[in-house]
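Okay, here's the structure, questions in a sec.
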Amino acid sequence: MQELKSFVLENKMPVNIYSFKELETVGISIGIKYGSVDENPEINGSAHFLEHMMFKGTSKFTWKEINDQTKAIGAYANATTDREATNYMFQVHKLYIEKTMQILSDMMINSILPPKEFELERGPIINENLIREDNPEYLFYDYMPNLLFKGHPAEMPVGGNNELTIKKITREHLFDIYKKYYTPQNMVLTISGGISTEKAQKLAEKYFGRYKMAFVSTKRNKFIGSNKHRVMALEKRDIKQAKIAIGFSCPSFDNKKIDDYISMVLLNELLQYRIYEEVREKRGLSYDPQSVYTAGETIGMISAEAGTEPKNVEIVKKIILGEFQKMKDGEFTDTELNRMRTAIKIRYETLKERTLDTAVAISTAAVIKNVPNLFNIIPKRIGKITIDDVRKASNQNIDCDKYSMVLLKPKT
């Protein structure tokens, strides 16, 4: 059985290793405790801008040399920015793990954010934000938090605002963030997959152990507020389908109350199943109804959404609110929850064979929740979560008189 090994380098950088030597690939993730909740309104979008710039050149290599080296070994490279973390990720065949560690450590330690590349990259970021604005799929991610977390940095879009911030952010803004927060104590390195624990540890020490920077802690405030009835209706000229989302704020993650978190994970699994069954399978009203639950260091939320023909918006809204009310009233059985428990356990077991997803999951949980082994804890503890635990969680977090709703609809 594979075990997660966690340790700290001499420079205070946390490292997690999940060895699965039978696999052919290795996933590597660097999580940074810096996201959009750490920004002020004047530089909103800077965490995401910096994420792009980290691939644009170091004191040793240009962006093209980094790109060529990565492609030469067939590695997959990417990064994501969220409200509470930025994550850099590589996946590679196990034969090329050391070369990948060289590339990643050089990016993290020696980036110079070249001025020419900075100005060029502003264009792709502006266009990425335009894609987001054009795409109703970002309903959960951007619009719902804007309603739920009024007065908290989480209400700001992760990508920033093109006119108000992105066109005004300077390279100096990004370099200041890089120097302050891209430090060993503010990072988490995770290596997962086809490599021995011993070799992974040696590579971590070799490529990151000598990296030393002064530590500046991120200062964050948890969102404190109750659900209120808020509705945002947006008309978009060039869409054919209406998109509706309904959600509620929840407590942020507390590592002393992991069972409360798992209760909500289980509740969301059941909600997801029921909404999909009611909206799509039984009534044919939507292609992709879903629900999402998330809880981080500062915020938590559960919401459900569906895309539908404009004429069906009211019936879809009624169904979603009806399912939330059933959760609130505890209208579910242990038999139903057992099916959900089994599904979650299986999903976490299969996750372990996806080396990159595992590495990202571990780093993200370590950075945001300070619990790197959450992906092991959940399947082990979920069988101990009772129906009363889930009913208590739903009763505390759902109030159908105080929901928030976002509606996107065609201009006509």
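Just so it is clear, none of the values below were taken in a lab; they were calculated from the coordinates. Keep in mind that what you see is a predicted model, and the values were worked out from it rather than measured. Cβ atoms come from the backbone with ideal geometry, glycine included; neighbour counts cover every protein chain shown.
In the structure shown, do any of 282/384; 60/179; 56/99; 71/180; 199/345; 179/257 have a Cα-Cα gap over 23 Å, and if so which?
Listed pairs above 23 Å: 282/384; 71/180; 199/345; 179/257.
Let me ask something else about it. Counting each DSSP H run of 4 or more residues in the chain as -39500 (n - 2.57), what helix-only mean residue ellipticity at 222 nm follows after dividing by all residues, to the nearest 500 deg cm²/dmol?
Value at 222 nm, helices only, nearest 500: -12000 deg cm²/dmol.
Label points 7 Å out from Cα along the Cβ direction at residue 6 and residue 237: separation in nm?
Those two pseudo-labels are separated by 5.2 nm.
Given H placed 1.01 Å from N in the peptide plane, which residues other than close sequence neighbours of residue 297 have an amide H under 5 Å from its amide H?
Residues meeting the criterion, in which the H sits 1.01 Å from N, are 253.
Relative to the longest principal Cα axis of the chain, at what angle does helix 63-72 sit, 0 to 90 degrees, rounded to 10?
Between the helix axis and the principal axis of the chain, the angle is about 80 degrees.
List, in order, the whole-Hz ³J(HN,Hα) value for each residue of the stretch 291-306 obtained from phi through the Karplus relation with A = 6.51, B = -1.76, C = 1.60 and θ = phi - 60°; use x for Gly and Pro.
For the stretch 291-306, the Karplus-derived couplings read 9, 9, 10, 9, 8, x, 5, 10, 9, x, 7, 10, 8, 10, 9, 7 Hz, x marking Gly and Pro.
Zone of residue 137 (label point 7 Å along Cα→Cβ, backbone N under 18 Å): which residues in the stretch 285-304?
Within reach of a label on residue 137: 286-293, 304.
In degrees, nearest 10, range 0 to 90: what is the angle between the Cα axis of helix 115-134 and the longest Cα principal axis of the chain?
10 degrees
Another question about this same structure. Considering only the other residues whose Cβ falls under 12 Å of the Cβ of residue 327, what net charge follows from Lys and Arg at +1 and Asp and Glu at -1?
Around residue 327, the surrounding residues sum to -1.
Can you tell me, using C-alpha contacts under 8 Å and at least 6 residues apart, the relative contact order of the chain as a whole percent?
24 percent
Calculated FRET efficiency, residue 381 and residue 116, Cβ-Cβ r, R0 45 Å, to nearest 0.05? Intermediate values should be presented prior to the final figure.
Numbers: r = 51 Å, r/R0 = 1.14.
Computed FRET efficiency for residue 381 and residue 116: 0.30.
Grab the beta carbon distance between residue 61 and residue 127, set R0 = 25 Å, and tell me the FRET efficiency rounded to 0.05.
After rounding, the FRET efficiency stands at 0.45.
Residue 390: net charge of surrounding residues, Cβ under 14 Å, Lys/Arg +1, Asp/Glu -1, itself excluded?
Taking every Cβ under 14 Å from that of residue 390, the sum is 0.
Would you mind checking the tilt of helix 334-351 against the longest principal axis of the Cα atoms of the chain, expressed as 0 to 90 degrees and rounded to 10?
20 degrees
Amide H to amide H under 5 Å from residue 250: which residues, 5+ apart in sequence or cross-chain, H placed 1.01 Å off N in plane?
300, 301, 302
Can you give me the P(r) profile for the stretch 268-410? Cα pairs, bins 5 angstrom wide beginning at 0, each as a whole percent.
Pair shares across the bins are 2, 8, 16, 19, 19, 16, 13, 6, 2, 0.
Same structure, new question: Given R₀ = 45 Å, FRET efficiency for residue 214-residue 282 by Cβ-Cβ distance, to 0.05?
Working: r = 59 Å, r/R0 = 1.30.
Here the calculated transfer efficiency is 0.15.
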